[in-house]
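K.L.:
Submitted below is the structure of interest, expressed as structure tokens.
The values are calculated or read from the model by the stated rules, or taken from the named source; none is laboratory data. Computed from a predicted model, the values in this text were never measured in an experiment. Counting neighbours? That spans all protein chains shown, and the Cβs are built from the backbone with ideal geometry, glycine included.
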Amino acid sequence: MSLRPPSPSPSPSPAADAPSTGLVPPCALADLWAVRHGQSTANLAFAAAEATGSTAPVPGRDRDVPLSDLGAAQAGALGDWLAGRAPGTGPDLVVCSPFARAWGTWEVMADRAAALGAPRPDVLVDERLRDREMGVFELHPPAALRARSPQEAQRRELLGEWCYRPPGGEAFTDVAVRVGQFVTDLGRAAPGRRVLVVAHDGVVIALRYVLAGIGATAPERLPPVPNASLSHWSGDGDRLRLSAWGDTAHLTPLDSLEGMTRT
């Protein structure tokens, strides 16, 4: 769970990769989709804390946080998207974060797609796709971090979100290292395959950075990754190129439900 509040769900807009020297790492996948999990109960709690100024951390472990009711509905909409892919154009391999909200998103998505007649792709879980670790500030909304440690809150603002590493936790730079290792291994192990990653906003942002290539500029302002959004990189047999970022068009039927559920 990152320290940022849950992202809004804007209209989908293609986004260019960060500037690159052209030294894009080879990756022989045919396609790569990345899904951020559906809305979680912690997303709701973070939004409520921001609205009320609550300084209480969310109880429990980050990896155990489940989907909210809206998050489950969003995962079902992703299942509709999956079932709607033409034969031979959808993912044939899924790699999922071990965290409950990501795995829960995939389970609902897969069950919905299967009920609509779609085949189930191969599924793997990889620890490198876990959410950014926040160390001693795990499940602390921003106000809770400021209340517990004003000096850390100031350090975070000084360094910026990309470089800030909470005590015992990770910066986004650390997430990018493990995601880069994952991409390298995936490209070697699954050439020519169409892969769906189900994970977290930090992982999707790290994928974007890694796949932009050597010399890519780290994002000063992190682009939004809405809950249950789809980002897509298309392959040419040797490289992956970003073709869609944070697409939420498949969630349009849930707009009225989201309006009633969001706090």
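K.L.:
Six or more apart or on different chains, Cβ under 9 Å: which pairs go from a residue in the stretch 113-139 that's farther than 17 Å from residue 199 by Cα to one that's of a type in the set (S, T, N, Q)? Could you list them?
P.N.:
Final answer for the pair search is 136/149; 137/149.
K.L.:
Next question. Just for the stretch 224-256: of the residues that are crowded, with 19+ Cβ neighbours inside 10 Å, of a type in the set (A, V, I, L, M, F, W, C) and in a strand (DSSP E or B), which one is farthest from the chain's Cα centre (by Cα)?
P.N.:
Taking the candidates together, the pick is 240.
K.L.:
With the structure loaded, tell me whether residue 102 is at pLDDT 95 or above, among the aliphatic types (A, V, I, L, M) and surrounded by fewer than 21 Cβ atoms within 10 Å (Cβ to Cβ) or whether it fails that test.
P.N.:
On the way: at pLDDT 95 or above: yes; among the aliphatic types (A, V, I, L, M): yes; surrounded by fewer than 21 Cβ atoms within 10 Å (Cβ to Cβ): no.
It is false that residue 102 is at pLDDT 95 or above, among the aliphatic types (A, V, I, L, M) and surrounded by fewer than 21 Cβ atoms within 10 Å (Cβ to Cβ).
K.L.:
Output the helices (runs of 4 or more DSSP H) that fall wholly within the stretch 107-223 and possess 3 or more residues being modelled with pLDDT of 95 or more, touching a Ser or Thr at 6+ places or on another chain (Cβ under 8 Å) and crowded, with 19+ Cβ neighbours inside 10 Å, or say none.
P.N.:
Working: elements: 142-148, 150-159, 172-189, 201-212.
In the stretch 107-223, the matching helices (runs of 4 or more DSSP H) lie at 201-212.
Rundown of residues vs (1) over 15 Å from the mean Cα position of the chain (by Cα); (2) closer than 30 Å to residue 238 by Cα, yes/no style:
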| position | (1), (2) |
| --- | --- |
| 28 | yes, yes |
| 44 | yes, no |
| 60 | yes, no |
| 63 | no, no |
| 78 | no, yes |
| 87 | yes, yes |
| 91 | yes, yes |
| 94 | no, yes |
| 98 | no, yes |
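K.L.:
Within the stretch 156-182, can you find the residues that are of a type in the set (Val, Ile, Thr) and under 25 Å from residue 108 (Cα atoms)? Before you say what the answer is, go through the steps one by one.
P.N.:
Going through the stretch 156-182, the residues of a type in the set (Val, Ile, Thr) turn out to be 173, 175, 177, 179.
179, the sole residue that qualifies.
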